[in-house]
Structure formats: structure tokens, C-alpha cells
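One structure is given below, encoded as C-alpha cells.
Read-outs throughout are calculated quantities, based only on the coordinates presented, and are distinct from any laboratory measurement. Keep in mind the model is a prediction, meaning the values are calculated, not measured. Virtual Cβ from ideal backbone geometry, glycine too; neighbours counted across all protein chains shown.
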Amino acid sequence: MVNTKLILVEGLPGSGKTSTARFVQKLLDEQQIPNRLFLEVDLEHPADYESVAYFTEAQFKALQQRYANNEYLLSQYSEAETGGVLLYYGKLMKVTDAFEAFEGEDFGAYDVYSLPLEKHQQIIRKRWSTFSERVMSGDLVYILECCFLQNPLTVMLVRDNRTETDLTDYIHSLYGCIQASNPKLIYLQDENFKQSFSSVIAERPEEWLTFITWYYTEQGYGKANNLSGADGLLEVLEQRKKVELAILETLPMDQIMLNKTSLDWDAIHKQISLFLQSD
């Protein structure tokens, strides 16, 4: 593999992002190329925030006062952020003492992904910029799943129903953060997504379907287009894919589109191997 320090894997739910990212890591391991893989819900994710809350300074001070006996835990799992404090509550709640102390506290209400769009984007762009510095100063190749396209579009399109121009401009701003790493992007798609989605549902917990249906149909884009239920979910996912592909056409990034409909996994893996070997 030549001249890249960042590999991004994107696609709709059930497209095979996770297995593809793991296959990429296997390829790098076989070539003895130092690497790190970060999947969607990794609490240690270097370019995104998973289960991290943002509090204003006043809000965090009130939190500290409310839990004065456990203030040391809040300090241990927090860090300063512009205008406020980031609390890594996903990590915090894995600590036995913290789970007992903060049980019932709704940290998720302050999640970075629940913030107003402008503040959310400010924090995420800073995260990508810091990550890029980390990438360029080290020898590792990073493999990241779904955080470059999926997560931004989930907030901007699904939640807030922003225009395609807004979406494109924001993704370009993220690309500007990582351009020096010469990123490569693998996009997995299925032309028969609506027909094959039933198998995706069968593989996921019922709670996942309930949540994603609510999130995709009862906010921004879904509400604006009067969508509901499983059919509405599919419509929003199709729109998300359409916008993602349109944005990728505008990015000067080395990328490959793989269609699960017409290729088996052996063929897909061969194409990925060739893609990562190219300049």
C-alpha cells in the first residue's frame, strides 16, 4: 500500500462497513504496516466523540456542586473545550463507583450529537483538526468507520434537514482537515437496499430499529417530508445515500465505490486490495 495514512469506510447500515474495516486492518497487518482501527462506537475514537457530553462552564460547575462527593470522578473524565467542558460520560459510567454515584443523571441530554448544529460542528471540526495533527506526526495508518459521511449527514440531513449545499460545504471542511494524510475512502452500496434491508433488521436488536426509525422519520428530513415507520426510514436512508454519493463526486479524494448487489465478498476484497495498493 502506498502513500496514505488514513482509510475511511462508509455506507448505509448493513452495507458491510465493519467487516470491511476489519478486512482492511487484516491486509495492513499482513503487510506489517502499523495501524489502528476505530469502529463506530469506540469510546477511544480519535476523530469523533462517542458518549461525550458538552457542558457550558456554568452547567459543569452546577454538576460538580450537585455531585460534590464525586467531583474527583467528574474531573478525571473531563477536559476543557472552547466555552465549556467535555465530559467523557461513556468512560465515566464504566467505573463502578461512578455508575452508582451518577445513576439517573441524563448525560445524554448534553451529548455532543445533541448540541445545536453550529456548536456541534465547531467541536467536531476541532476534533478532526487535532486528529490530523496526530496522524501526520506518527507512523500509524488509521482506519475509521462511518464518521466522515454517516455521522455528519445523520445530524445535518436527518436531524436538521439542511440543504445539500450546506452538507457539501461541511464535508469539504472536514476533508480540508485531513487532506494532508492523502486519505482513501471505501464506499459500500447496495442498489437493492430496500429489498435487502429486512436482513439488516433481522441481525440487529429490536431497540436499534425502534430508535433509528424514530430518529430518521420524526425529525428534520422525515418530518418535512411526512415520512413514518419502516417505509419512511427506507426513504430517508435512500436520500442519505443519494446525497453522500453526490458529495463524493465533488471531493478530490482517492475513493472506490463497491456495489454489493453485483459483487460477492471475494470480488469486493480483491478490489479493495488493488485499490489500497494504487498511488
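In table form, for the structure just shown:
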read-out: Residue order, fewest to most beta carbons within 10 Å, for Leu73, Leu92; value: Leu73, Leu92
read-out: For the chain: relative contact order, % (alpha-carbon pairs under 8 angstrom, 6 or more apart); value: 28
read-out: Antiparallel DSSP beta bridges within the chain, percent to nearest 5; value: 30
read-out: Separation between Cα centres of segment 127-186 and segment 205-279, rounded to whole Å; value: 16
read-out: Karplus (6.51, -1.76, 1.60) ³J(HN,Hα), θ = phi - 60°, over segment 38-43, in Hz, Gly and Pro reported as x; value: 10, 8, 4, 9, 6, 5
read-out: Shape call, segment 121-279: gyration tensor on alpha carbons, a/c limit 1.5; value: oblate
read-out: Estimated vicinal HN-Hα couplings, Hz - segment 175-180 in sequence order (Karplus 6.51, -1.76, 1.60; Gly, Pro = x); value: 4, x, 5, 10, 4, 5
read-out: Antiparallel %, DSSP beta bridges [both residues in segment 4-159], to 5; value: 55
read-out: Debye, to nearest 20: dipole size of the chain, +1 on Lys, Arg Cβ, -1 on Asp, Glu Cβ; value: 400
read-out: Globularity index of the chain, i.e. its alpha-carbon radius of gyration over 2.2 N^0.38 Å; value: 1.05
read-out: Ranked Lys91, Lys223, criterion: other C-beta atoms within 10 Å, fewest first; value: Lys223, Lys91
read-out: Taking the convex hull of Cα positions in segment 1-134, its mean projected area over all directions (nm²); value: 10.3
read-out: Estimated D of segment 53-110 in µm² per second, where Rh is the Kirkwood radius over Cα pairs and Stokes-Einstein applies at 25 °C, 0.890 mPa s; value: 218
read-out: Computed lengthening from Ile33 to Ser137, 0.36 nm per intervening residue step minus Cα-Cα distance; value: 35.8 nm
read-out: Cβ charges +1 (Lys, Arg) and -1 (Asp, Glu), total dipole of segment 1-100, debye; value: 160
read-out: Rounded to whole Hz, the Karplus (6.51, -1.76, 1.60) HN-Hα couplings of segment 212-221, x for glycine and proline; value: 5, 5, 4, 4, 7, 10, 10, 10, x, 5
read-out: Dipole moment magnitude, nearest 20 debye, segment 53-110 about Cα centre, only Lys, Arg, Asp, Glu C-beta charged; value: 60
